[in-house]
Amino acid sequence: MPHQGRIGRVVDSGPVCRLGSIDAIVLDVDGTLYRQGPVRRQMALRLAAACVTQPLRTRRAVRAIRAFRDNLETIRTRLQENADHPAQQLQRTAEQTGMSEELIQSLIEEWMFKRPLALIGGYPRKGLHKFLGRALQCGIRLGVFSEYPSEDKLQCLGVRDPFSVVVSSCDPEVRRFKPNPAGFLYAARQLGSRPETTLVIGDRDDADGAGARAAGMRYVEIGGREFPSFVPLCRYLFENEPTSS
C-alpha cells in the first residue's frame, strides 16, 4: 500500500499502472482544471474598463471581491469546524464593506461566477481531456469538489459529462471550506468510494492537500514542477512511462 498522501509507484499489468487500489478521483476546479491566472488578469482588465461606464457599482464590486476572497482564506484556518462557512463568509464581507448581503451576492455572482465563464473555456489545463478519458477507460469514477458551484465552469470547459459527482462547499450537505474534510468525504460517498481508495488532485497543498489528508485520502498536486499539466500526470498514472519536462 503506498504511503498515505502520495501516489504509490506500483506498476500493474493493466492500463492503470500506478494507482494501486484507487477507484475514484476527486478533482478541484479553479486552478486545477483550468489556469486561473490568465482568467483573473483578464477579469481585472474588464473591471478597470467597467469603471468608466459603471464607476460606483464597479468600485463596490472590487471591494466586495477583495473582502470575499480574504474572508475565504481567513475562514479556512480560523473558523470553528461546526460553523456554516459560506454563510460566515458572506456575513463577514457585508460587515467589512458596509454593503448589504444582497448587494454582495449580486456583485459576486456577476464578477466572480458569471462573467469569467466567457474566458474559462479558453484556458483548460493542458492534457485535461485526455486525462479524463483515460481515467474513465480504466474504470475510475470521477468527481469534482470546489469551494463554489462549478457546473457552469465544467460546461464551458467541455468536461461536464465525465464527472458523475459535482460537489461544492456551498452544498447543504457540506457547508465547509477546504481543508475541512467534510466535502472530500461527501464526494467520495457520492462516488461510492472509500477514503483510502480515493485520490484527490488539486493545485493547493494547504487546501486540497491538507483536506485530502484529513479525510484519509491520497493527494497529488498539479501546476508544480513535477506535474505542471495533466500531460505528465496522465503519462505517469496511466501510460507506464516516466515523466519528462
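Provide Arg218, Arg92 in ascending order of the number of other Cβ atoms located within 10 Å of each residue's Cβ, fewest first. It would help to have the intermediate numbers written out before the result.
Values: Arg218 26, Arg92 18.
If I rank by nearby Cβ atoms, fewest first, I get Arg92, Arg218.
How do Phe145, Phe68 rank when sorted from fewest to most other Cβ atoms within 10 Å of their own Cβ?
On the way: Phe145 30, Phe68 22.
Least to most surrounded, the residues fall as Phe68, Phe145.
Straight-line cross-link partners of Lys114 among the lysines, defined as a Cα under 18 Å from its Cα and at least 8 positions apart when in the same chain: Lys153. For the chain, the mean residue ellipticity at 222 nm estimated from helices alone is -13500 deg cm²/dmol, where every DSSP H run of n ≥ 4 contributes -39500 (n - 2.57) and the total is divided by all residues, rounded to the nearest 500. Computed from the coordinates I sent, Rg/Rh (Cα atoms, Kirkwood Rh) equals one of (1) 1.13; (2) 0.99; (3) 0.94. Tell me the label. Here the calculated entry is (2). Among Asp23, Asp203, Asp161, Asp208, sorting on how many other beta-carbon atoms sit within 10 Å of each Cβ, with the fewest leading, yields Asp161, Asp23, Asp203, Asp208.
All Cα-Cα distances of the range 113-245, cut into 10 Å bins from zero to the largest, leave 12, 41, 40, 7, 0 percent in each bin in turn.
Give me the percent of DSSP beta bridges within the chain that run antiparallel, rounded to the nearest 5.
On the way: 1 of 18 bridges.
Close to 5 percent.
Summing Lys and Arg as +1 and Asp and Glu as -1 over all other residues whose Cβ lies under 12 Å from the Cβ of Ala215 gives a net charge of +4.
As a length-normalised measure over Cα pairs under 8 Å and 6 or more apart, the relative contact order of the chain settles at 29 percent.
Between Glu151 and Ser164, the simple spin-label model (points 7 angstrom out along Cα→Cβ) gives 2.0 nm. A Gaussian network model of the chain, with springs between Cα atoms under 10 Å, assigns the largest mean-square fluctuation among Glu196, Glu102, Glu147 to Glu102.
Assign one of three labels to the range 13-134, namely rounded, prolate or oblate, based on the Cα gyration tensor with a ≥ b ≥ c the square roots of its eigenvalues; rounded applies when a/c is under 1.5, prolate when it is not and a/b is larger than b/c, and oblate otherwise. Please list the in-between numbers first.
Values: a/c = 3.65, a/b = 1.56, b/c = 2.34.
Oblate shape, in that a/c is at least 1.5 and b/c is the bigger or equal ratio.
Coordinate-derived values only; no laboratory data. Here the structure is a predicted model, which means the values were calculated and not measured. We place every Cβ from the backbone using ideal geometry, glycine too, and count neighbours over all the protein chains shown.
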